[in-house]
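Report on the structure given below.
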Amino acid sequence: MKDKNESSRRKWDLMIGITLIVFGGLRLFNHFRTNADWELRSYLTILFIGYGIFLVYRYFQNKPES
């Protein structure tokens, strides 16, 4: 049961990571198309993109034990 729950959690982490990267990148792209200033919102968006990259990296680094 624990193995199935951990596998499900890994898949959710991957999907959340990809979503953070894609939506964060689009938001940052649109922000800099309209406004070239660095604001708190820009830094927070970069942090979310970084966390998404971390989740995807962790998904591929931690192989499930068979």
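The values are calculated or read from the model by the stated rules, or taken from the named source; none is laboratory data. What you see is a predicted model, and the numbers here were worked out from it, not measured in a lab. Quick reminder, even Gly has a Cβ in these numbers, built from the backbone with ideal geometry, and neighbours come from all protein chains shown. These area figures cover heavy atoms from the full protein model, side chains too; ligands, DNA and RNA do not enter into them. Shrake-Rupley method; radii C 1.70, N 1.55, O 1.52, S 1.80 Å.
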Notebook entry, point to check: Restricting the search to region 42-66, which residues are outside any helix (DSSP H, G or I) and open to solvent by less than 100 Å² (accessible area, probe 1.4 Å)?
Noted result: 62, 64
Notebook entry, point to check: Out of all the residues in region 30-41, which are surrounded by 11 or more Cβ atoms within 10 Å (Cβ to Cβ), out of contact with any Lys or Arg (no Cβ under 9 Å at 6 or more places or on another chain) and part of a helix (DSSP H, G or I)?
Noted result: 32
Next item on the list: Mind listing whichever residues of region 15-29 are under 13 Å from residue 55 (Cβ atoms) and either out of contact with any Lys or Arg (no Cβ under 9 Å at 6 or more places or on another chain) or open to solvent by 60 Å² or more (accessible area, probe 1.4 Å) (or both)?
Entry: 15, 16, 18, 19, 20, 21, 22, 24
Item checked: Every pair of residues 6+ apart whose Cβ atoms lie under 8 Å, when the first sits in region 31-49 and is farther than 19 Å from residue 17 by Cα while the second is open to solvent by 70 Å² or more (accessible area, probe 1.4 Å) and not in a loop (DSSP other than H, G, I, E, B) -> 31/41
Margin query: Suppose we keep only residues that are touching a helix residue (DSSP H, G or I) at 6+ places or on another chain (Cβ under 8 Å) and of a type outside the set (Ser, Thr, Tyr) within region 7-21. Which one would you say is modelled with the lowest pLDDT?
Written below: 10
